[in-house]
Amino acid sequence: MTWEEQPPQDTGRLVGATAEGEELAAEAALRPKDLAEFVGQPKVREQLDLVLRAARARGGTADHVLLSGAPGLGKTTLSMIIAAEMGAPIRITSGPAIQHAGDLAAILSSLAEGEVLFLDEIHRMSRPAEEMLYMAMEDFRVDVIVGKGPGATAIPLELPPFTLVGATTRAGLLPPPLRDRFGFTGHMEFYAPAELERVIHRSARLLDVTVSDGGAAEIAGRSRGTPRIANRLLRRVRDYAQVRGDGVVTEEAAARALTVFEVDDRGLDRLDRSVLEALLKLFGGGPVGLSTLAVAVGEERETVEEVAEPFLVREGLLARTPRGRVATPAAWAHLGLTPPPGTPAAGGAQEGLFES
Ligand SMILES: Nc1ncnc2c1ncn2[C@@H]1O[C@H](COP(=O)(O)OP(=O)(O)OP(=O)(O)O)[C@@H](O)[C@H]1O
């Protein structure tokens, strides 16, 4: 994907993985400040700890770091931790904000020595900027082009050593020359429920909310493996407990609150459930084409495909097959329905459909 193409947004959903506007301010208050406070991701944490300790011992700047993983898993937070651990300032920007090489040159030339430059959505940077970045990362130098046409000249500009932290949801989309210039790549995984419970307990302390272990587990189970969603659900459950209870987030309060907000016990919201319900109730579990399914739920094709389906596929509730979308046996079980005899989910006629 290039910087011109906008992916369909999932903002506005309680279980959406992206955040914007006021929520970002609420998130800032909950960010862990150092590696020790950062929950989960044991591999990335250990590897980064080594990279940063070694850089500190050498008295130099840390190697460039690439962080890949789904939105809301803590890439921005980790970049801030890298800066804090190195005792360096941080500058935050994103691929789509850098449309021209000149935009990047302006940022790079104003960096302080050792500064961390966080480039979110690095896969959406423009081509000319990307090429400028290659040289900046490798030689700490950029060529600034002055003038146009045959009279244009390249003026070399020395840069102070800096650490680039690039974040991407899709490491596979990065051109190999860019990927190869990172000294370290950390792959962020979805969080296990027990890790999310720790995130929730930590956030609850910071928000001054009392949460029982059962309450944390109830929220964690509905948070789709994502700390951002866990924190957002915690805030809504806190509201419920405050208005309809005694302010304490118990298991029961969390379950009731999230039923009110239409997030089910597996983290599916209204959109996810309507896609599944249409697939099961209108099309007998499929196979059905994406366009037909989208019309049936009154959504755009892209919304169904890119906003609802990834989580349903990840959860093993829906499969994309060459013949169309198919509900798995787990989808029938989740909605409390029985697959009609002879359907793929009942192990019938079209066996083998899930293997494609
Ligand atoms: N490991 C963690 N421990 C505690 N809180 C976390 C952790 N990871 C993320 N969070 C919290 O989740 C929220 C979102 O994290 P962050 O902004 O770092 O995600 P991101 O991966 O950069 O998302 P995006 O790709 O949308 O920029 C923040 O409030 C942050 O404090």
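Since every read-out is calculated from the coordinates, none of them should be taken as a lab result. What you see is a predicted model, and the numbers here were worked out from it, not measured in a lab. All Cβ positions, even for glycine, are placed from backbone atoms using ideal geometry, and neighbour counts span all protein chains on display.
Things worth noting here:
- From largest to smallest, the equivalent ellipsoid semi-axes obtained for the stretch 176-228 from the alpha-carbon gyration tensor read 32, 12, 7 Å.
- Legend: calculated FRET efficiency, I145 to R53, from the Cβ-Cβ distance at R0 = 51 Å, rounded to 0.05, equals 0.80.
- P(r) for the stretch 125-210, from all Cα pairs and a bin width of 10 Å, is 13, 30, 22, 18, 12, 5, 1 %, short bins first.
- The percentage of C-alpha pairs in the stretch 231-352 whose separation is greater than 21 Å is 45%.
- With the gyration tensor restricted to C-alpha atoms of the stretch 193-260, the semi-axes of the equivalent ellipsoid amount to 16, 12, 10 Å, longest first.
- Per the Kirkwood formula applied to alpha carbons, the stretch 98-157 shows a radius of gyration over Rh ratio, Rg over Rh, of 0.97.
- Over the stretch 49-149, the hull volume per residue, using the convex hull of the C-alpha atoms, is 105 Å³.
- Cα pair count fraction exceeding 26 Å, expressed as % - the stretch 1-120: 28
- Beyond 26 Å, the tail of the calculated P(r) for the chain holds 58 percent of the Cα pairs.
- Label reach from T210 (point 7 Å along Cα→C-beta): in the stretch 222-246, amide nitrogens under 15 Å belong to 238, 241-243, 245-246.
- Most to least packed among 149-160, 115-126, 256-267, 40-51 [average Cβ atoms within 10 Å]: 115-126, 256-267, 40-51, 149-160
- Structural descriptor for the stretch 193-260: relative contact order 37 percent, calculated from alpha carbon pairs under 8 angstrom and at least 6 residues apart.
- When you restrict to C-alpha pairs under 8 Å that are six or more residues apart and normalise by the size of the chain, the relative contact order lands at 15 percent.
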